[in-house]
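Undergrad: Have a look at the structure that comes next, please.
The values are calculated or read from the model by the stated rules, or taken from the named source; none is laboratory data. Remember, it's a predicted structure, so these values are computed and weren't measured experimentally. Every residue, glycine among them, receives a Cβ derived from its backbone with ideal geometry; neighbour counts consider all protein chains shown.
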Amino acid sequence: MQSIRKRLGIIIIFCSVVAVILLGFLVNLTVNGTFNKYMVNIQNQRNNRIVDYFQQIYKNDKKWTINSGKEMMHEAYMSNYCLTLLDINKNIVWGMNPNDIRETSHMMMQKIDSNRGAYISKSFQIKYKGKIVGYVVIGQYSPIILTQQDINFKMSINRSIIISIMIAITIAVIISIIISKQFSEPIKSVSNTSVKLSNGNYDSKSNIKSNIKELDNLTRSINILGKKLKEQDQLRKRLVSDISHEIRTPLNILQNNLEAMIDEIFPVNKERLNYLNEEVIRFGKLLNNLNVLKQFEDEKLNLNMKTIFLDKLILSVSNKFSIDFKSKNIKFDLNIEKGKNFQIIGDEDKLKQVFINLLANAIKFTGPGGTVCIELYINKNKVIAKVKDNGIGIKKEDLPYIFERLYRGDKSRRETEGSGLGLTIVKKILTLHSAAIDVESTDSIGTSFTLYFNRNRNRRISDE
Ligand code: ADP
């Protein structure tokens, strides 16, 4: 298997080389084509000039002699073409021998390596007063005759094209190295991190920065994934230890007491049996709560959705706690915004459970003389409920985890009774209602839970 860097590099270099060679080839073809056309043009002009010259001679002499236009021979030798003058009956007046220019022509042609060897001749009519008076035959060893200068010019163009191709390929190789590195480095780093994560090394991170949006997102995502996996791993470990702790405590109490009773250290009386029964009930409650949670997680729960007035629901729940407030000497405030319609769609029993859990926690974690307060108001299209207390608060490091299964605050709080499931159930119920919950808390100062429900807009009462 190839690395992404090597593959990218090869692709970029391959594409660039093909493009550059193709371009070079096309440029060469065009330049040669244009140059040849230009040369053919020059050659035609030369032929016309030669015909004109012979016509002029005939005009002057009115006949052909062995010397007619012979001075052209010198130019013909120098320029590698052959001239033959024919009279009206196509008899040779005078002519050059093609073999005389063969040597020099071949030398030139070898240099340009095209149409080697074939002698081509073309006959042109010489006219006087509209009548044909003779013919001049122009012959040469190549369709286009090139001078040394022409050949040099052509070769220098070809050389420039080859040099440009080589420079372009070198630049393409350098660019491909840079670009492939830019792409491959973050991907390589993310791939290494993911391998480490899959091996359970949740502390590994990818530190490479990329200015390519998608690659930067990828790096950030893998780091967030690693962080989440680490948190989940810690929670899982804590969950196992918490469950065993929760189960072990009542079991130990039961076992110790039963053994003491068997050994007749403790008397078997109603009071002790009641105490043991309470432990069994607590144990049962824990299992019940776990069962409720399981139902939520399986999403088997059937919600009985209907229109609910949240103000009435909160009032009825808080009434149930009036004895608890009194017995613990906690002041309870209920502030409901006046004249508003707190209608939402939800399952009444489940939403009651939400406020029962929140109020029970507020009472549980607030000492005598403290205050618990519920505020209910409307903001834009949300019905907002706040459950506040000035109790013991939640430590900053516990805050992100309080909605997790069986999570309970630091050890001292374990002294209070609880299962660590209350808030998990609250969160699940709210999620099923498309509602959100926020928590703000300061250690030793107090806690505030804010719940955001969607208003039921279908049946708005014109009270606003
Ligand atoms: P528990 O059965 O322990 O109350 P919860 O899921 O209801 O379980 O709460 C989880 C943890 O969140 C609690 O153990 C406690 O540490 C913290 N907590 C919840 N509500 C409050 C509150 N009102 N004041 C202080 N801490 C709270």
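Undergrad: Could you tell me which residue of segment 409-429 is surrounded by the fewest Cβ atoms within 10 Å (Cβ to Cβ), considering only residues that are modelled with pLDDT under 75 and near the ligand (Cβ under 6 Å from one of its atoms)?
TA: R413
Undergrad: Here's another thing I want to ask about it. Please specify each residue of segment 170-184 satisfying the condition of being surrounded by 13 or more Cβ atoms within 10 Å (Cβ to Cβ) and without any contact (Cβ under 8 Å) to a residue 40 or more places away in the chain.
TA: Of everything in segment 170-184, just one residue is surrounded by 13 or more Cβ atoms within 10 Å (Cβ to Cβ) and without any contact (Cβ under 8 Å) to a residue 40 or more places away in the chain, namely Q182.
Undergrad: Right, something else. Kindly check whether there is at least one residue in segment 368-383 that is under 24 Å from N302 (Cα atoms) and either touching a residue at least 40 places away in the same chain (Cβ under 8 Å) or in the same structural domain as V317 (by TED's automatic domain parsing) (or both).
TA: yes
Undergrad: Still on this structure: Are any residues in segment 377-398 surrounded by fewer than 20 Cβ atoms within 10 Å (Cβ to Cβ) and more than 18 Å from A360 (Cα to Cα), and if so, which ones?
TA: Across segment 377-398, the qualifying residues are Y377, I378, N379, K380, N381, K382, I384, K395, K396, E397, D398.
Undergrad: Follow-up. Out of S322, S318, S327, which single residue is of a type outside the set (A, V, I, L, M, F, W, C), modelled with pLDDT under 95 and under 21 Å from T450 (Cα atoms)?
TA: S318
Undergrad: Scan I308, I314 and give me the residue that is surrounded by 14 or more Cβ atoms within 10 Å (Cβ to Cβ) and touching a Gly at 6+ places or on another chain (Cβ under 8 Å).
TA: Every option except I308 fails the conditions.
Undergrad: Is it the case that F449 is surrounded by 17 or more Cβ atoms within 10 Å (Cβ to Cβ) and away from the ligand (no atom under 11 Å from the Cβ)?
TA: No.
Undergrad: So R7 ticks every box in (1) among the charged types (D, E, K, R); (2) surrounded by 12 or more Cβ atoms within 10 Å (Cβ to Cβ); (3) closer than 30 Å to L83 by Cα but one. Which box is left unticked?
TA: The single condition R7 does not satisfy is (3).
Undergrad: Has segment 33-53 got at least one residue that is surrounded by 15 or more Cβ atoms within 10 Å (Cβ to Cβ) and over 28 Å from Q148 (Cβ atoms)?
TA: Checking segment 33-53: not a single residue is surrounded by 15 or more Cβ atoms within 10 Å (Cβ to Cβ) and over 28 Å from Q148 (Cβ atoms).
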